[in-house]
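The values are calculated or read from the model by the stated rules, or taken from the named source; none is laboratory data. Being a predicted model, the structure only gives us computed values, none of them experimental. Counting neighbours? That spans all protein chains shown, and the Cβs are built from the backbone with ideal geometry, glycine included.
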């Protein structure tokens, strides 16, 4: 058994494991120490910032609450039934003893409309300048008529704040018999803006709304508080409008001086209302301490996992490399039947797969080169034979022709001569394309055979192109198959003589058009469509009447591309037209080295 060429301390396994631990474990220890030192402060700042954001959000909601009730209080300026804008003010201005019932009904309708516009409204009042008032309450409680309403301090404040929204701190509804609910009150004066009274701008009434403290519950319901945490809503006089400690509502606010609490406050932007929070630090940071302990345990587990993963990954990484190294040694010794087992789909798996593919191709290449050398020698022998066969065929045909002439069979001799020229043209496989002059001569030799066979009374050939086109290139054997098709499928079935015309002309964009048309029997629509489908599919390997035509089309496409080829049109009893479109060039394309026939 061969000894392991790698020592442990020099192996990739050892180096990778050590690097993995050095790069991963040591920074993890340092980072963990620094993180745990700073995490407490960060979490405290995070918690503080979180509560500050909650208080800021609550302060904005309080401002929104004031805006909402301010808008509700303004409804008395636009209130009207049946499109009568400002109906409440008009009814007050027009009041008299006879119209008191109308005024009472108008005020009652207005109060009922406002009371149910918002769910936290508990009761509403409208006070006339003479001190009389009307009220409605959702709680169906009776008024205590021994109680003065509105309170004197409210009246004084409303006189000072003629056109603004009045706000009165949290209080009990003492003016209702048996009512113990605490509410806030908003008020607004109704002034004569339409000039209905004698004095424009005169206060013609005051509107008051009692709002339940449930409106604050909606504002603070998303704030998560511990048992000893307290939030306050304090007005500018220092009176607690709301608190989650309900027994403090309505009292004067005094801040908790204990250092055990985190004190935060946020003042509203518009209404001089302060949102104060006192959060118990021990409960606040208890979760932080638990989180730090959890993080410490997780870091310890990560360190252990890092060592295990480093050893496992290093071994997994180095094993395929060692396997490839062993197999490479076998290939080096000439054993190409070896193969590395591919167990993964990562880069190492790709490397193993690539090694196997390389060894397989190397083996195939060696086999191919060996076989190719044998085939090359055989091809050289065949090439020598192929040079001899045309000479033998041409010489044999010449002997037969001379014998026919000697026997006065001149017609047979002419046929053999034409065939000899055609065979020489066909078997000389050096060119892909030839001059039009050569292709024309081949067609004439072929047509001479056909005339001898069928007679001049049956066949006629007519070339229609200028002599200066003779030197342009055309694919070899592109006209003879088309002429043959025209003879056998167009003219022969026709009674009487038929003529084949070959026309060549230049087209714009350096193109050459070659047209072969006959006046034979032609084709119907179905037959023509079938031929066109065969041309489109390129089915030159199929047998049938169009094989020569399809072969010409495919060779033109192969030489010049998809924009060129054969076009065919035909009309039954009239004839068929075949058109070739090729690039205009005088160059002759040579495929392989031409073998001399001399």
Pairs returned, first residue in the range 93-107 that is in the same structural domain as residue 133 (by TED's automatic domain parsing) and closer than 15 Å to residue 204 by Cα, second residue that is in a loop (DSSP other than H, G, I, E, B) and at pLDDT below 80, beta-carbon separation under 6 angstrom, 6 or more apart or interchain, are 93/196; 93/197; 103/95
From 192, 210, 235, which residue is closer than 24 Å to residue 52 by Cα, surrounded by 14 or more Cβ atoms within 10 Å (Cβ to Cβ) and either touching a residue at least 40 places away in the same chain (Cβ under 8 Å) or out of contact with any strand residue (DSSP E or B) (no Cβ under 6 Å at 6 or more places or on another chain) (or both)? 235
All conditions in (1) surrounded by 11 or more Cβ atoms within 10 Å (Cβ to Cβ); (2) farther than 25 Å from residue 313 by Cβ; (3) modelled with pLDDT of 75 or more are true of residue 333 except (1)
Taking the condition modelled with pLDDT of 70 or more, surrounded by 12 or more Cβ atoms within 10 Å (Cβ to Cβ) and touching a helix residue (DSSP H, G or I) at 6+ places or on another chain (Cβ under 6 Å), does residue 306 pass? yes
Count of the range 115-152 residues which are outside any loop (DSSP other than H, G, I, E, B), touching a residue at least 12 places away in the same chain (Cβ under 8 Å) and loosely packed, with under 12 Cβ neighbours inside 10 Å: 0
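Against the definition (within 30 Å of residue 182 (Cβ to Cβ), modelled with pLDDT under 90 and surrounded by 14 or more Cβ atoms within 10 Å (Cβ to Cβ)), how does residue 107 come out, yes or no? Even if it seems obvious, please write down each step before you answer.
On the way: within 30 Å of residue 182 (Cβ to Cβ): yes; modelled with pLDDT under 90: yes; surrounded by 14 or more Cβ atoms within 10 Å (Cβ to Cβ): yes.
Yes, satisfied.
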Residue 228 fails exactly one of the following numbered conditions: (1) within 30 Å of residue 48 (Cβ to Cβ); (2) at pLDDT 85 or above; (3) in contact with a helix residue (DSSP H, G or I) (Cβ under 8 Å, 6 or more places away or on another chain). What is the number of that condition? (2)
So residue 545 ticks every box in (1) within 27 Å of residue 497 (Cα to Cα); (2) loosely packed, with under 14 Cβ neighbours inside 10 Å; (3) modelled with pLDDT of 80 or more but one. Which box is left unticked? (3)
For residue 331, are the conditions met, namely being within 30 Å of residue 167 (Cβ to Cβ) and either in a helix (DSSP H, G or I) or touching a residue at least 40 places away in the same chain (Cβ under 8 Å) (or both)? no
Which number in (1) over 30 Å from residue 39 (Cβ atoms); (2) at pLDDT 75 or above; (3) in contact with a helix residue (DSSP H, G or I) (Cβ under 7 Å, 6 or more places away or on another chain) marks the one condition that residue 299 misses? (1)
If we keep only residues of the range 475-499 that are in a loop (DSSP other than H, G, I, E, B) and in contact with a helix residue (DSSP H, G or I) (Cβ under 6 Å, 6 or more places away or on another chain), then the residue modelled with the lowest pLDDT is 478
